[in-house]
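All remarks here apply to the structure that follows.
The values are calculated or read from the model by the stated rules, or taken from the named source; none is laboratory data. None of the values given here were measured: they were computed from a predicted structure. Neighbour counts run over all protein chains shown; Cβ positions are idealised from the backbone, glycine included.
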Amino acid sequence: MRNTLALTALLASGALVLTACGGDAEADSSSAAGSGPLKVGVSPVPHAEILEFVDEELAADAGIDIELVEFTDYVQPNVALADGSLDANYFQHEPYLAEQEAAAGYDFEAVAPVHLEPLGLYSDSVGSVEEIADGAQVAIPNDPTNGARALQLLADQGLITLADTGEASATVLDVEENPRDLEFVEIEAAQLPRSLPDVDAAVINGNYAIEADLSPAEDAIAAESPEGNPYANLLVVRAGDETDPRVATLAELLASEEVAQFIEETYSGTVISARS
């Protein structure tokens, strides 16, 4: 793995603080010119693992040098892409990207879908959706798009009914019917696995589930269907940079049969290639 950097996002006193190994907020001049290593911001799992495979097995023959920058939150990868610290990022799906562009004014371009991480409903106390009791506490992600996605999963399982606001925009205020009187606890997505002992169930994003050794296929009491799912994770760049030859090469590698096979063999259904 070449020149791997790690950035850790921490919440402290209400402010998001990054600790970095050798990071710099200013764009590298050679990188901005379309030469040198391609700096890509990623979540540790599975995004970094997939790109490490590309870097170690495919990149040299394709003539591309990849430099990974790891983030543990969903906010800073877009901040770093916007300020030029990164050339691309790979961690987010289209609804989240659209929400971030609207909220922060980013001008980004989605280059290619890579994989899907099915959202799962997990519980330490019950073994099925039917066993969720009246008045149960259910934790969901507190960001708008993943929160809406979680509510849709609960609706698909018959636990609630949502107003017709659009799948990617529903909030807890749009819950029209809640026959079990569920209490929704909104928690930062990365903290959801840790919340499991304190709630009756939690809807957890795929990457954070994997980090916590949870599998949507094996451990979830309910999980999203991959069929027609709009939440494929994307390779994203600043608008105009999609013509960078390094970006085009990386997009081709991420869409390759070799990467699809690596995803299938490594994650056994916890992560699903966009080729599938």
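Observations
- Scan of segment 133-147 for residues that are over 13 Å from the mean Cα position of the chain (by Cα) and crowded, with 23+ Cβ neighbours inside 10 Å, ordered by number: ALA139, ILE140
- Top-ranked residue of segment 89-116 - restricted to ones that are among the small types (Gly, Ala, Ser) and without any contact (Cβ under 8 Å) to a residue 40 or more places away in the chain, ranked as nearest to PRO230 (Cα to Cα): ALA102
- Candidates LEU159, LEU151, filtered to the one that is free of Cβ contacts under 8 Å to residues at least 60 places away in the same chain and either β-branched (Val, Ile, Thr) or in a loop (DSSP other than H, G, I, E, B) (or both): LEU159
- Scanning segment 111-129 for residues that are over 14 Å from the mean Cα position of the chain (by Cα) and either of a type in the set (Ser, Thr, Tyr) or part of a strand (DSSP E or B) (or both) turns up VAL111, ALA112, LEU121, TYR122, SER123, SER125, SER128.
- Qualifying residue in segment 130-143 (condition: touching a Ser or Thr at 6+ places or on another chain (Cβ under 6 Å) and over 22 Å from GLU49 (Cα atoms)): yes
- Some residue of segment 83-103 being at pLDDT 95 or above, under 18 Å from ASN205 (Cα atoms) and among the aromatic types (Phe, Trp, Tyr): yes
- Residue check, TYR90 out of contact with any strand residue (DSSP E or B) (no Cβ under 7 Å at 6 or more places or on another chain), among the aromatic types (Phe, Trp, Tyr) and buried (at least 16 other Cβ atoms within 10 Å of the Cβ): no
- Matching residues, segment 146-193, being charged (D, E, K, R) and over 23 Å from GLU94 (Cβ atoms): GLU176, GLU177, ARG180, ASP181, GLU183
- Any chance LEU86 is in contact (Cβ under 8 Å) with a residue 24 or more places away in the chain, in a loop (DSSP other than H, G, I, E, B) and of a type in the set (A, V, I, L, M): yes
- Criterion: in contact with an Asp or Glu (Cβ under 7 Å, 6 or more places away or on another chain) and closer than 21 Å to ASN233 by Cβ - qualifying residue of PRO141, PRO113, PRO216, PRO118: PRO118
- Here GLU176 fits the description: in contact with a Leu (Cβ under 7 Å, 6 or more places away or on another chain) and either in a strand (DSSP E or B) or under 20 Å from VAL111 (Cα atoms) (or both).
- Of all residues making up segment 19-66, the number that are part of a strand (DSSP E or B), over 22 Å from SER273 (Cα atoms) and either among the acidic types (Asp, Glu) or modelled with pLDDT of 95 or more (or both): 2
- Of residues in segment 224-272 being in a strand (DSSP E or B) and at pLDDT 95 or above, the one surrounded by the most Cβ atoms within 10 Å (Cβ to Cβ): VAL236
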